[in-house]
1. Indicate the helices, whole DSSP H runs only, in chain B that combine a mean Kyte-Doolittle hydropathy of 0.0 or more with a Cα extent along their long axis of 30 angstrom or more.
2. Given a Förster distance of 45 angstrom, what is the FRET efficiency for A:ILE179 paired with B:GLN133, based on the Cβ-Cβ distance and rounded to 0.05?
3. To the nearest 0.05, what FRET efficiency results for B:LEU209 and A:LYS124 with a Förster distance of 60 Å applied to their C-beta separation?
4. In a GNM of chain A with a 10 Å cut-off on Cα contacts, which of A:GLU126, A:GLU240, A:GLU173 has the highest mean-square fluctuation?
5. In terms of the Cα gyration tensor, with a ≥ b ≥ c the square roots of its eigenvalues, is region A:38-120 rounded because a/c is under 1.5, prolate because a/b exceeds b/c, or oblate?
6. Please list, by residue number, everything in region B:133-170 whose backbone N is under 17 Å from a paramagnetic label point 7 Å out along Cα→Cβ of B:ALA108.
7. Scan region A:75-142 for chymotrypsin sites (Phe, Trp or Tyr not before Pro) in coil per DSSP, keeping those whose Cβ has at most 11 other Cβ atoms within 10 Å, and list them by number.
8. Which value in nm describes the separation of the simple spin-label points at B:ASN150 and B:ALA123, placed 7 Å from the Cα toward the beta carbon?
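Read the figures in this text as sums done on the coordinates, not as results from a lab. No experiment lies behind these values; they were computed from the predicted model shown. All Cβ positions, even for glycine, are placed from backbone atoms using ideal geometry, and neighbour counts span all protein chains on display.
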Amino acid sequence: MKKWQKNWGIALVSVLLAVSMSGCGKSDDAAPALANKSEKSIKDMDKIVVGIGSDAFPFGYVDTADKKTKGFDLDIAAAIVKDILGADDKIEYKDVNGKTRIPMLKNGDIDIIVKTMTITEDRKKEVDFSDPYFSAGQSLLVPKGSAIKGIDDLKGKKVIAVKGTRDGKTIEEKSPDAIVSEYENLGEAFTALTTGKGDVLTTDNAILMGLALENPGYELVGGVIDDQPWGIAVRKGDKEMLDAVNASLKKLKETGEYDKIYEKWLKQKPE
Amino acid sequence: MLDFSILIDHKKEFLAGFLTTLEVSLLALVLSVILGIVLAVMKISPLKMLKGLATAYIEFIQNTPLLIQIFFFYFGLPAVGIQLNPFISGTIGLAVYSSAYIAEAIRAGIQAVSHGQVEAGRASGLTYLQTMQHIILPQAIKVVIPPLGNQFLNLVMGSAILGSISGKDLMYYGDIIASDTFVVFDVYIFVALFYLILTVPLSLFIHHLERKLSASD
């Protein structure tokens with residue numbers, strides 16, 4: 001299986017090479033990112049190709065009004081690329097999903113991944129991660145005006161969780177006096193919250209933020225219970241790109257640009 | 001080989017789930033029999049309106065999924081200000097669902113008793129309800145026991161639907177333990193064994209009843 005994947009990857013890269021070579025005879029600049037990476041510095045790149053998602057509102061999703069993909073991840077990527085290359089138009093987005101993003105990064109289809117990607121030890125073996133760009137993790141959603149302000153207020157409260165996740169277990173461990181009820185899926189769990197079957201819904205904050213944006217009567221409280229930050233992935237060993245991304249990310253946070261993007265999409269201030 | 005350590009580690013959950021399943025099943029069973037008898041008598045009643053009501057109820061319940069009926073009681077009723085917990089919603093939902101099938105079984109049993117008996121009862125001065133109570137139902141019960149027994153077993157197994165509205169029955173804890181331990185197959189085998197503890201005695205009791213009643217002929 002591994003060998004097959006490797007051969008497939010090589011085949012794909014050679015096809016890409018052939019296609020891009022045959023496309024232009026006069027300039028070397030059009031060679032794919034993978035090929036020119038070692039010869040040229042990042043600043044000289046024509047563009048940076050960013051792998052983004054379109055299935056996670058409001059991080060990367062297709063706006064039904066104009067059919068364009070937009071979101072928090074895309075704006076972060078745009079700001080970083082603008083900082084690295086010094087221009088607005090040197091970015092190209094490519095739609096990836098959880099399965100395709102790492103293979104596409106490895107074979108040079110994309111240069112960085114900005115797609116709701118949790119930094120894990122397993123993934124660190126395949127790619128290099130930037131500093132966290134989003135503080136993801138389990139959080140709490142309550143109706144606005146609820147007395148619950150955080151994990152310490154759950155004593156005797158009915159907590160709604162989704163089956164098949166560890167969210168319910170985490171609450172039971174951290175707040176043993178909470179009454180946890182688990183539902184089949186997120187839709188039923190949220191219905192349980194809206195119909196008064198429980199006091200608080202718990203799962204990943206990214207999901208809860210999406211729910212809160214679509215249902216203005218609800219808000220997140222208490223920050224993240226267990227930190228599982230997202231990072232921007234670059235090719236393993238591509239230190240130049242990694243340093244450039246980290247430097248830009250740092251600059252975005254210092255100048256307040258990051259906070260602006262955060263508030264634009266998530267309608268709240270970063271914690 | 002089954003991983004019995006899971007059964008021991010989670011015996012509290014399995015036991016709590018088993019008790020909930022037992023309670024819901026028993027309560028729903030009693031309620032559904034009462035409701036089923038009322039519906040059956042309505043359905044064969046000479047009054048057109050009662051008959052129509054019972055027919056509409058039975059058709060509606062038999063032709064919609066149990067899960068949706070349970071969702072109606074649990075998620076739907078809060079819209080009109082009625083807040084039921086999973087246990088009550090589940091019990092009512094199961095009783096309503098089963099009662100339609102039980103009503104049909106009882107109706108078939110009643111109609112198996114010769115119509116001449118009703119006429120004889122009415123001719124001797126009994127009211128319609130008295131005729132039912134003293135003459136028809138005691139005879140119908142023998143015909144009704146086998147299909148009724150099947151409905152009872154269906155009800156016990158159908159109670160597994162409670163888990164999907166977070167009613168803490170066997171199935172609910174089965175789901176939770178399976179997703180905690182990642183030992184899916186063994187956990188559901190244990191769950192099935194607990195259901196057998198309920199259904200096998202029930203099944204034996206029904207067979208016993210059948211034999212006893214047929215001996216009294």
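1. Working: long enough: B:11-43 (46 Å, 1.65); B:86-112 (39 Å, 0.89); B:184-215 (46 Å, 1.36).
TM-like helix candidates: B:11-43, B:86-112, B:184-215.
2. Working: r = 46 Å, r/R0 = 1.02.
The computed FRET efficiency comes out at 0.45.
3. On the way: r = 66 Å, r/R0 = 1.10.
About 0.35, to the nearest 0.05.
4. Residue with maximal mean-square fluctuation among A:GLU126, A:GLU240, A:GLU173: A:GLU173.
5. On the way: a/c = 2.06, a/b = 1.33, b/c = 1.55.
Here region A:38-120 falls in the oblate category.
6. B:140-155
7. On the way: sites: A:TYR93, A:PHE129, A:TYR133, A:PHE134; in loops: A:TYR133.
Sites meeting the loop and neighbour criteria: none at all.
8. 3.6
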